[in-house]
Amino acid sequence: MKIVSGIVSFLKYALSFIIVLGTWELYAAYGGLNELFLPRPSKIGLKLYDMFIETGMIYYHFFVTLLEMAIGFLIGVTIGVSLAVAAAFSPRFRRYIAPYAVVFNVTPGIAVLPLIIAWFGFGWSSKIALATLVCFFPPFINTLTGLLKSDDEAIELFQTLGATQSQYFWKQQLPNALPEIFAGLKLAITTALLGTIVAQFGSASEGVGILMQRFAFRLDMAGSFASLVTMSIMGLMVFTLAEFLDRHIVFWRNLDGLERVSRQRAKKG
Amino acid sequence: MSYATTEQTKKLNLTKTLPFHLLIFALLMLLWEMINRLGIADDLVAPRPTDIVMAMADIFFIDQTVWHHLASTFAKALLGAFIGTLIGMGLAITAVLNETFRKYIKPWIILMEATPRIAVGPIFVALLGFGMSSAVALAALVAFFGPFVNTYQGLMDVDHEEEELFRSLGASKFQTFRKLRLPTAMPLISAGWKLAAASAFSGALVAEFIQASEGMGVLISQYVTMLTMHYAFAALLSVTLFGYILFKIMEYVDYRIIFWRDDQLMYSISEKKRNKMRAPA
Amino acid sequence: MYRQLRGGERMIIEAKKNKESASSDSGAIVIAAQNLSKKFGEHVTALDGANFEIKAGEFISLVGPSGCGKSTMLRLVAGLIEKTTGEMIVNGEVVSKPRTDVGMMFQKAVLLDWRTALENVLLPIEIRRKITQEDKQQAIDALDLVGLKGFEFHFPKQLSGGMQQRVALARLVLTGAKIMLMDEPFGALDEFTRERLNVELLRIIGELSATTLFVTHNIQEAIFLADRVMVMTPRPGRIAKVIDVGLKKPRDISIQTSHEFNVLVEQVRDVFGEH
């Protein structure tokens, strides 16, 4: 029964796509579309087939981009979370860095791109650097506000139980902050992907971003749209992974998660 | 610009210790200056603060190059934000009012959320050229998502009991929309505007980096290419400065529209309305 | 026919054993306040000159309107806030920091959302040392005692308000503390649940022979549960009157309609009638 309902809801989603893509294709087939601007879906599909299956040229670019994004994300998150933890524990440190955090928030990270390229060159490191730069802030601010959320009665409870500061942190403060921290991480990973791709524009030899730019500048629209679709796939992969981790680690945010884990714990006994 | 909310940045608690911060800042600048003069870092990575200040004076007052480019980037961003917001809000309102539309648009929204929309940049530049239109188009594309999601969520997230109240008073769907849903949604909607403004800037800048004739993105690239890093820093600071001013203006507008969020303002407006009633018209 | 002991019954037998060994202490004074005052800043006198003695095993209700200092009093006993003048003595010691020989319950259950009921109940032990199989069994027994058998692996959000408070009570039992401090624990619940929990509370506290300080703004609840009722008045907060509740325990809910009960209610109301 579950399989059938799964297929049905998948079809419902697919219907919307089928309608739009179908109309698009028909419109192009009857000559109503300037194919220089907007190639028909079948052409894009063929290009995708070529890139993924026939020549398989896309895989290298795909993985290079993913890797640059992942490293940038990891570095950005590490810095962001560490600074946030330090700021949560030391009001003095928080005061010192507060204005700089605000300034950082207001600067468009993208604007720094030329400088980053000047400093890091045309290779992988400049992509990683931009990804780190643009994705570091959400984990920072979310971890900080998550940790600063104080529940007076929880504090009183832990005090009467004779808990140490460290116990309070690991058993209450940190788990309590997890929902917000993960929201920041989800935002960061999408932003990191964005940063990586933008950094590739005009300064890379490999990666999905530069691939798309090359196609576009040669006016090979099918190619550039196919690259765009590839980026969508990457985005969806990343998004799904983030959602999955979120739902499994911060399971108590919704009822389904609670029921699932409750049953697991009961089995363990 | 990133996505932190005002409440979150307020936790950083800035205002009280201004002289203290100025002192720390001055010390940091001194340290930076010394690092450069002592040769520990070169002009490429860490141009002297004094040079940067001179560059700023130059581009703003002497040469006055920057105004032109600032205007260009801001125009692209604001226009893009405006268009993006209109489209985003329009789609959101339609989705709220029409259930079929909502169902059909949902998969596309998920797709759009996962795709880095800014990546469409090269396509727009290739098709629309180096001028304003590609930057505005990209800015609009990037900016539309924030207002869409926020407007949709804000309008949908209506208090059940308040809705029942309106129904019991015999209000029409439109009246409920105007007098209940819209005001309730305002905080989220205006947060969406801020998101749009922030994203639009990124969009405009990226379009400029890819290929453009003018704008701050172009200016910064040029300065970097010429290796006059102090000018590049100066240009970057200008963008930040004006972006900050814009941010503050939007915050103020936000503050005045959603007056019931702040107690003081709420009381003063309440007082004003009371006085208007008392005074014989 | 042999019937294996249910967890709750095991707990009661344990408690009875402890009670017998500690019976010589039953007359001892557990909490004492001498001229206790608490000021917040210059102008707010939350508590003004409180004097009382509470014996082991007594159930004391603190009743009064908002601002009468009852929550402040509770936190002074717990050592969560510091007195301004006077003395607060618990178990023979002057209170100077948060005490671990008291257990607290709040108006919110204050359970950790990401832990099962069982894990929440085990929290006090976890903080002190490693959990043993015996501890787990004790926790299961405690949950049985409060009537939540079968819910050990449920999460707080899956439980109703009343059930959450029961978990909090079970946790309190596991601290092993003999002094229970309760700050309007049933205030957020509906009338029916509250009445039921009142009866259960009396049963559980009775079996564990604990000394209890119970804060409420509900006069019926205050009288129903207590051996003595301290009526408090606000601005400044002080103990206006201490009323002896002569009614025998165990008490049934129906006692609330009896004549003696209503006399006591009137006595409490009279304290405020003068204001």
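The values are calculated or read from the model by the stated rules, or taken from the named source; none is laboratory data. Since the structure is predicted, the reported quantities are computational estimates derived from the model, not experimental observations. Glycine also receives a Cβ, built like all others from the backbone with ideal geometry; neighbour counts cover every protein chain displayed.
For A:I189, state whether it is of a type in the set (V, I, T), more than 9 Å from every other protein chain (Cβ to nearest Cβ), touching a residue at least 24 places away in the same chain (Cβ under 8 Å) and crowded, with 22+ Cβ neighbours inside 10 Å.
Considered against the rule, which asks whether it is of a type in the set (V, I, T), more than 9 Å from every other protein chain (Cβ to nearest Cβ), touching a residue at least 24 places away in the same chain (Cβ under 8 Å) and crowded, with 22+ Cβ neighbours inside 10 Å, A:I189 comes out as yes.
Condition test on C:K241, is it without any contact (Cβ under 8 Å) to a residue 60 or more places away in the chain, of a type in the set (D, E, K, R) and out of contact with any helix residue (DSSP H, G or I) (no Cβ under 8 Å at 6 or more places or on another chain)?
no
Counting only residues that are touching a Leu at 6+ places or on another chain (Cβ under 7 Å), give me the helices (runs of 4 or more DSSP H) lying completely in the stretch B:144-248 with at least 1 of them.
Where helices (runs of 4 or more DSSP H) fall fully within the stretch B:144-248 and carry at least 1 residues being touching a Leu at 6+ places or on another chain (Cβ under 7 Å), they are B:145-156, B:160-168, B:182-210, B:216-225.
For the stretch A:204-221, give me each residue that is touching a residue at least 60 places away in the same chain (Cβ under 8 Å) and touching a Leu at 6+ places or on another chain (Cβ under 8 Å).
Answer for the stretch A:204-221, where residues must be touching a residue at least 60 places away in the same chain (Cβ under 8 Å) and touching a Leu at 6+ places or on another chain (Cβ under 8 Å): A:L219, A:M221.
Taking the stretch A:119-154 as the region of interest, how many residues are crowded, with 24+ Cβ neighbours inside 10 Å and either touching a strand residue (DSSP E or B) at 6+ places or on another chain (Cβ under 8 Å) or not in a helix (DSSP H, G or I) (or both)?
Looking only at that region, the number is 1.
Count, please, the residues in the stretch C:140-162 that happen to be surrounded by fewer than 22 Cβ atoms within 10 Å (Cβ to Cβ), in contact (Cβ under 8 Å) with a residue 40 or more places away in the chain and away from chain A (no Cβ under 14 Å).
Residues that pass the stated criteria total 3.
Just one of A:F17, A:F37 is hydrophobic (A, V, I, L, M, F, W, C) and assigned to a loop (DSSP other than H, G, I, E, B); which is it?
That would be A:F37, the only listed residue that is hydrophobic (A, V, I, L, M, F, W, C) and assigned to a loop (DSSP other than H, G, I, E, B).
Quick one: count up the residues across the stretch B:191-218 that are in contact with a His (Cβ under 8 Å, 6 or more places away or on another chain) and either within 11 Å of chain A (Cβ to nearest Cβ) or among the polar types (S, T, N, Q) (or both).
3
What are the residues in the stretch B:219-237 that are facing chain A (nearest Cβ under 10 Å) and not aromatic (F, W, Y), if any?
Answer for the stretch B:219-237, where residues must be facing chain A (nearest Cβ under 10 Å) and not aromatic (F, W, Y): B:L219, B:I220, B:S221, B:Q222, B:V224, B:T225, B:L227, B:M229, B:A232, B:A235, B:L236, B:L237.
Please work out if B:L265 is in the same structural domain as B:A77 (by TED's automatic domain parsing), in a helix (DSSP H, G or I) and of a type outside the set (F, W, Y).
Answer is yes for this residue.
Of (1) part of a loop (DSSP other than H, G, I, E, B); (2) touching a residue at least 40 places away in the same chain (Cβ under 8 Å); (3) within 24 Å of C:F106 (Cα to Cα), C:I204 satisfies all except one. Which?
(1)
Does C:T84 satisfy the condition of being within 14 Å of chain A (Cβ to nearest Cβ) and either touching a Lys or Arg at 6+ places or on another chain (Cβ under 7 Å) or buried (at least 22 other Cβ atoms within 10 Å of the Cβ) (or both)?
no
This table checks each residue for (1) closer than 30 Å to B:A212 by Cα; (2) within 10 Å of another protein chain (Cβ to nearest Cβ); (3) touching a His at 6+ places or on another chain (Cβ under 9 Å); (4) modelled with pLDDT under 85.
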{"position": "B:F82", "(1), (2), (3), (4)": "yes, no, no, no"}
{"position": "B:T85", "(1), (2), (3), (4)": "yes, no, no, no"}
{"position": "B:N98", "(1), (2), (3), (4)": "no, no, no, yes"}
{"position": "B:L128", "(1), (2), (3), (4)": "yes, yes, no, no"}
{"position": "B:S134", "(1), (2), (3), (4)": "yes, no, no, no"}
{"position": "B:A139", "(1), (2), (3), (4)": "yes, no, no, no"}
{"position": "B:V149", "(1), (2), (3), (4)": "no, no, no, no"}
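Considering the stretch B:238-254 alone, what residues qualify as being hydroxyl-bearing (S, T, Y) and more than 8 Å from chain A (Cβ to nearest Cβ)?
B:S238, B:Y252
Across the stretch A:90-118, what is the number of residues that are among the polar types (S, T, N, Q) and either assigned to a helix (DSSP H, G or I) or within 7 Å of chain B (Cβ to nearest Cβ) (or both)?
Summing the residues that are among the polar types (S, T, N, Q) and either assigned to a helix (DSSP H, G or I) or within 7 Å of chain B (Cβ to nearest Cβ) (or both) in the stretch A:90-118 gives 2.
For the stretch A:198-227, what are the residues that are surrounded by fewer than 23 Cβ atoms within 10 Å (Cβ to Cβ), within 7 Å of chain B (Cβ to nearest Cβ) and farther than 20 Å from B:S221 by Cα?
A:L219
Counting only residues that are at the interface with chain C (Cβ under 10 Å from one of its Cβ atoms) and surrounded by fewer than 17 Cβ atoms within 10 Å (Cβ to Cβ), which one in the stretch A:156-166 is farthest from C:D101 (Cα to Cα)?
By that ranking, first place goes to A:T164.
Would you say B:I52 is within 13 Å of chain A (Cβ to nearest Cβ), surrounded by 16 or more Cβ atoms within 10 Å (Cβ to Cβ), at pLDDT 85 or above and closer than 24 Å to B:L241 by Cα?
Here the answer is yes, as B:I52 does meet what is asked.
Check the stretch C:118-130 and report whether any residue there is farther than 26 Å from A:N254 by Cα, free of Cβ contacts under 8 Å to residues at least 12 places away in the same chain and more than 10 Å from chain A (Cβ to nearest Cβ).
yes
Going through the stretch B:34-70 one residue at a time, which ones are farther than 28 Å from B:A204 by Cα and of a type in the set (G, A, S)?
Hits for the stretch B:34-70 are B:G39, B:A41.
Pull out all pairs, ordered by first then second residue, where Cβ-Cβ is under 9 Å, the residues are six or more apart or on different chains, the first lies in the stretch A:26-47 and is among the acidic types (D, E), and the second is part of a helix (DSSP H, G or I) and surrounded by 12 or more Cβ atoms within 10 Å (Cβ to Cβ).
A:E35/A:A28; A:E35/A:K43; A:E35/A:M221; A:E35/A:A222
B:L70: of a type in the set (A, V, I, L, M, F, W, C) and at pLDDT 85 or above, yes or no?
yes
So B:L265 passes all but one of these: (1) over 27 Å from B:L91 (Cβ atoms); (2) surrounded by fewer than 17 Cβ atoms within 10 Å (Cβ to Cβ); (3) within 14 Å of chain A (Cβ to nearest Cβ). Which condition number does it fail?
(3)
For the stretch A:143-162, enumerate the residues that are among the hydrophobic types (A, V, I, L, M, F, W, C) and more than 15 Å from C:D183 (Cβ to Cβ).
A:L144, A:L147, A:L148, A:F158, A:L161
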